[in-house]
Amino acid sequence: MNYSEAFEDDLVDLERAVIESARSDGDEPATPDDRYLIAALDHLLNTYPVSEARLLGHIEEVRRIYETRRTESTASKHVATVHEAFLAEVCADYDPTY
């Protein structure tokens with residue numbers, strides 16, 4: 001697929017939803033953050049030609065980063081790198097800046 005700003009914006013929305021979900025307590029029932037995560041994932045899957053497996057792998061990687069990093073700064077820098085790498089994998093014409 002070709003890169004578009006709309007796809008990147010939607011991917012950023014998904015990543016934000018993953019981060020908010022990772023920050024919430026896992027013992028709670030579904031939160032608005034969890035519902036937004038599902039909606040963002042559904043939107044990406046139904047709008048762009050990207051595989052479910054690839055998106056789910058990206059979600060898990062972002063979640064793992066926020067669950068295992070000690071500082072917000074370290075986590076956000078790592079997620080930014082993962083974001084660039086994901087775009088480079090799925091968009092044929094994307095030139096990463098990391």
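The values are calculated or read from the model by the stated rules, or taken from the named source; none is laboratory data. It should be emphasised that the depicted structure is a prediction, and the values quoted were computed from it without experimental measurement. A quick note on method: Cβ atoms are made from the backbone with ideal geometry, for glycine too, and the neighbour counts reach across all protein chains shown.
Got a sec? Which of Ala53, Ala92 is over 17 Å from Asp9 (Cβ atoms) and either among the aromatic types (Phe, Trp, Tyr) or not in a helix (DSSP H, G or I) (or both)?
Ala92
For the range 56-89, name all the residues that are among the hydroxyl-bearing types (Ser, Thr, Tyr) and part of a helix (DSSP H, G or I). First the steps, then the outcome.
So in the range 56-89, the residues among the hydroxyl-bearing types (Ser, Thr, Tyr) come out as 66, 68, 71, 73-74, 76, 81.
Tyr66, Thr68, Ser73, Thr74, Ser76, Thr81 - these are the residues of the range 56-89 that are among the hydroxyl-bearing types (Ser, Thr, Tyr) and part of a helix (DSSP H, G or I).
Of the residues that sit in the range 1-34 and are among the small types (Gly, Ala, Ser) and at pLDDT 80 or above, which one is nearest to the chain's Cα centre (by Cα)? Full working, then the answer.
Within the range 1-34, the subset among the small types (Gly, Ala, Ser) is 4, 6, 17, 21-22, 24, 26, 30.
Pick out the ones that are also at pLDDT 80 or above and you get 4, 6, 17, 21-22.
Numbers: Ser4: 16, Ala6: 14, Ala17: 8, Ser21: 11, Ala22: 12 Å.
My answer is Ala17.
Go through (1) under 19 Å from Asp33 (Cβ atoms); (2) modelled with pLDDT of 95 or more; (3) surrounded by fewer than 18 Cβ atoms within 10 Å (Cβ to Cβ); (4) not hydrophobic (A, V, I, L, M, F, W, C) one by one and return the number of the condition His58 breaks.
Looking at each condition in turn, His58 falls short on (3).
State whether one or more residues within the range 11-29 are under 15 Å from Glu84 (Cα atoms), exposed (fewer than 12 other Cβ atoms within 10 Å of the Cβ) and in contact (Cβ under 8 Å) with a residue 24 or more places away in the chain.
No, the conditions are met nowhere in the range 11-29.
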